[in-house]
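Colleague: Got a structure here, written out as structure tokens. Questions coming.
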Amino acid sequence: EEFEGELNISGLTPGTYQLQVTVNDNGSKYLSQIETFFVSYPLYVAWTIDWEGYDANNNYIKAMDEISNKYNVPMTHFFNPRIYTTSTISPERAQYLTDWLKARLAKDDGFGLHLHMFNDFVESAGVTPKNEPRWGSNSDGYDILTSAYNSDELKQLISKAQSEFQNQGLPEADIYRAGGWFASLETLKALDDLGFKADSSGRTSYKFGSKNAKGFWDLSATTEPYQPSKTDQNNSSINNSFSLLEIPNNGADSYWFSASEMIERFKVNYSGVALKEKQQITYLSHPHWFKDAEQNKIKELFNYLSQYNNSDDRGPVVYTTTNQIYNLWTK
């Protein structure tokens, strides 16, 4: 004979459990084999897309769309409104990119703001462009560090960005990522003053570009979301933190890192045992350079992660957006 029953495990704390069933058949008791099962917190995985402010190849955009659909991984679009203010992109092309983005947002992708300090965008916001410091030798301002601008100037730039989003019927951004990850304390102050919910510029220590510009971040691959201290952005403070949440880009990016390096970032966050606390890992790609080699990196990454998909009852991996990560860590 076969017997069926249900066991409510919603009240169990994360850990390893064993289950044995006793069957009473007219006074005779029989014990089932012992089965082991695990209760784990999720490991939330976000795939974020940094739109740099340049045009993007349609084939690269299509590839991102196909990968997202195949692996059921939403994207979080850190979108750059420079496409609306520059003469290098036609209004028709900017509209095409906007329509594509709106179609993705309708599928529950995430949304945030990404800025590079392009001269034409800075001027359109009524701010005088800076020439230094920079990480390379671009002539259009793309490589000027965000930290070159003080908090008041950044507020003006961000307000311009929000105005452009509103004009296009896009959401108001409340999550930010700085170009080249160069967010300083001044950057975080501007975001905090403007009521942004989160920043996602944090990462491991790095130097960037031909000029080896040193970044402001020194986080680990396992750093979880936190409220940065107003005097030390790499740490939190009980009494002196910004209100916004720092959601680190701790999974690295598919341009500079190999698939094996991105997988290794996952492994240090998940060793195969039940997670006792919720964790997140954030990856990054760019639509402008999403060539075959980079597509293959992301496919290899998601193929590896699929063996731990919670949707298949294989492990703790739950794919989500940066916006949802904010909600999960603050509710």
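Colleague: Output the residue which, of all residues in region 177-193 that are in contact with a helix residue (DSSP H, G or I) (Cβ under 6 Å, 6 or more places away or on another chain) and farther than 15 Å from residue 213 by Cβ, is least open to solvent (accessible area, probe 1.4 Å).
Modeller: Checked region 177-193; the qualifying residue least open to solvent (accessible area, probe 1.4 Å) is 190.
Colleague: From 277, 246, grab the single residue that is open to solvent by 70 Å² or more (accessible area, probe 1.4 Å), under 23 Å from residue 218 (Cβ atoms) and of a type outside the set (Phe, Trp, Tyr).
Modeller: Values: 246 fails: open to solvent by 70 Å² or more (accessible area, probe 1.4 Å).
Matching residue, one of 277, 246: 277.
Colleague: For residues that are surrounded by 18 or more Cβ atoms within 10 Å (Cβ to Cβ), over 29 Å from residue 321 (Cα atoms) and in contact (Cβ under 8 Å) with a residue 40 or more places away in the chain, tally how many sit in region 109-134.
Modeller: Final tally of qualifying residues: 1.
Colleague: Among the listed residues 78, 38, which satisfies the condition of being surrounded by 13 or more Cβ atoms within 10 Å (Cβ to Cβ), of a type outside the set (A, V, I, L, M), modelled with pLDDT of 95 or more and in contact with a Gly (Cβ under 8 Å, 6 or more places away or on another chain)?
Modeller: Numbers: 38 fails: modelled with pLDDT of 95 or more.
Sole residue among the options that is surrounded by 13 or more Cβ atoms within 10 Å (Cβ to Cβ), of a type outside the set (A, V, I, L, M), modelled with pLDDT of 95 or more and in contact with a Gly (Cβ under 8 Å, 6 or more places away or on another chain): 78.
Colleague: Give, as residue ranges, the strands (runs of 3 or more DSSP E) completely inside region 1-108 that count at least 1 residues that are in contact (Cβ under 8 Å) with a residue 60 or more places away in the chain and under 30 Å from residue 327 (Cα atoms).
Modeller: Numbers: elements: 15-19, 22-25, 28-31, 35-39, 43-50, 75-79.
Output list reads 15-19, 35-39, 43-50, 75-79.
Colleague: Within region 221-271, track down each residue that is among the hydrophobic types (A, V, I, L, M, F, W, C) and out of contact with any Leu (no Cβ under 8 Å at 6 or more places or on another chain). Please lay out each step first, then the result.
Modeller: Step one: of region 221-271, the residues among the hydrophobic types (A, V, I, L, M, F, W, C) are 221, 238, 242, 244-245, 247, 252, 256-257, 259, 262-263, 266, 268.
The answer is 221, 238, 245, 247, 256, 257, 268.
Colleague: State yes or no: is residue 223 farther than 17 Å from residue 321 by Cα and under 18 Å from the mean Cα position of the chain (by Cα)?
Modeller: Values: farther than 17 Å from residue 321 by Cα: yes; under 18 Å from the mean Cα position of the chain (by Cα): yes.
Against the criterion (farther than 17 Å from residue 321 by Cα and under 18 Å from the mean Cα position of the chain (by Cα)), residue 223 qualifies.
The values are calculated or read from the model by the stated rules, or taken from the named source; none is laboratory data. Since we're looking at a predicted model, the values are computed, not measured. All Cβ positions, even for glycine, are placed from backbone atoms using ideal geometry, and neighbour counts span all protein chains on display. Heads up: the accessible areas ignore ligands, DNA and RNA and are worked out on the full protein's heavy atoms, side chains in. Shrake-Rupley method; radii C 1.70, N 1.55, O 1.52, S 1.80 Å.
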